[in-house]
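To keep things clear, I will list the structure first and then write my remarks on it.
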Amino acid sequence: MEHSKHTSLKDLAQVLGVSIPTVSRALKDSPDISRDLCERAKRLAQEMNYRPNPFAMSLRKNTPRIIGVIVPDIVTHFFASILSGIEDMAVANGYFVIITTSHESYEHEKRNIENLVNMRVEGIIACPSQETTDYSHWAALTEINMPLILFDRVCLSDRFSTVVADGARSAQEATQHLLDTGSRRVAFIGGANHLDIVKRRKHGYLEALRENHIPIEKELVVCRKIDYEEGK
């Protein structure tokens, strides 16, 4: 039997001539439903290629097991690997993950937050876009008690949990390594100065120069956009 749309419980109920709740219980082998109806419901579900909608189910139970994720993009290895880790942990704990991308856009980011909240996710994990300098849309999540964890590029760390690498130490060690191996003019290429991650890395870079009594050359410090072409 071919269908151009997804088969719903309502479709099964109409064919069987019973109510939607009855079909639902029959598919779950409820002892309240006759064995004959349970078997017929399962057979029909298979014939009509019925698949339960986990999002609809969770909303009906009012206990959504969904985590929303917002990342700047999904094509870079960095974000792809993080998404893989998030999904592995979520699935292991019985959650679904909805992944959205801001495409480094402030407006996209705000829209993603609104959509995830409307879908009644239980919490949001996010990395802000490079365009984001106004954090009011993140702050507003506290008003609806929406758990939020920010990673990599973070803001409002006094309000929300954050997961970050030690950018200052990493940049300092990288700079020190170059100095130890003979380099004397070490340049720093970073993203926009308002990004917390850039501030931390630049601090580590400058600390290494100061500790080695190397003068800072402003033309060697370039902080613009985190972008492949910009980096080139």
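The values are calculated or read from the model by the stated rules, or taken from the named source; none is laboratory data. What you see is a predicted model; the values in this text were computed from it and never measured. Here Cβ is always computed from backbone atoms with ideal geometry, including for glycine, and neighbour counts include all displayed protein chains. Just so you know, the surface numbers come from the protein's heavy atoms only, side chains and all, with ligands and any DNA or RNA stripped out. Shrake-Rupley method; radii C 1.70, N 1.55, O 1.52, S 1.80 Å.
Testing Ile189 on (1) more than 29 Å from the chain's Cα centre (by Cα); (2) β-branched (Val, Ile, Thr); (3) part of a strand (DSSP E or B), one condition comes back false. Which one is that?
(1)
Taking only pairs six or more apart or across chains, which ones have beta-carbon atoms under 7 Å, a first residue in the stretch 6-31 that is without any contact (Cβ under 8 Å) to a residue 60 or more places away in the chain and surrounded by 12 or more Cβ atoms within 10 Å (Cβ to Cβ), and a second residue that is of a type in the set (Lys, Arg) and in a helix (DSSP H, G or I)?
Leu16/Arg40; Ile20/Lys10; Leu27/Lys42
Among residues belonging to the stretch 32-50 that are in a loop (DSSP other than H, G, I, E, B) and open to solvent by less than 30 Å² (accessible area, probe 1.4 Å), point out the one that is modelled with the lowest pLDDT.
Selected residue: Met48.
In the stretch 174-228, which residue that is under 23 Å from Ser157 (Cβ atoms) and aliphatic (A, V, I, L, M) is modelled with the lowest pLDDT?
Result: Ile226.
Out of all the residues in the stretch 115-137, which are under 24 Å from Ala90 (Cβ atoms) and more than 14 Å from the chain's Cα centre (by Cα)?
Asn118, Met119, Arg120, His137
Inspect the stretch 134-152 for any residue being of a type outside the set (S, T, N, Q), at pLDDT below 90, open to solvent by less than 70 Å² (accessible area, probe 1.4 Å) and more than 25 Å from Thr76 (Cα to Cα) and give the result as yes or no. Step through it out loud before you land on a result.
We begin by selecting, within the stretch 134-152, every residue of a type outside the set (S, T, N, Q); these are 134-135, 137-141, 143-144, 146-152.
From what's left, at pLDDT below 90: 143-144.
So of that shortlist, the ones also open to solvent by less than 70 Å² (accessible area, probe 1.4 Å) come out as none.
For the stretch 134-152, residues of a type outside the set (S, T, N, Q), at pLDDT below 90, open to solvent by less than 70 Å² (accessible area, probe 1.4 Å) and more than 25 Å from Thr76 (Cα to Cα): absent.
Within the stretch 203-216, does at least one residue satisfy the condition of being under 25 Å from Cys127 (Cβ atoms), crowded, with 19+ Cβ neighbours inside 10 Å and under 35 Å from the mean Cα position of the chain (by Cα)?
Yes: one or more hits.
Return a yes/no flag: does the stretch 59-82 have any residue that is aliphatic (A, V, I, L, M), over 25 Å from Leu156 (Cα atoms) and either open to solvent by less than 80 Å² (accessible area, probe 1.4 Å) or at pLDDT 90 or above (or both). Reasoning before the result, please.
First pass over the stretch 59-82, keeping only residues aliphatic (A, V, I, L, M): 59, 66-67, 69-71, 74-75, 80, 82.
When the remaining residues are screened for being over 25 Å from Leu156 (Cα atoms), the result is 59, 75.
Restricting the remaining residues to those that are either open to solvent by less than 80 Å² (accessible area, probe 1.4 Å) or at pLDDT 90 or above (or both) gives 59.
The answer is yes; a qualifying residue exists.
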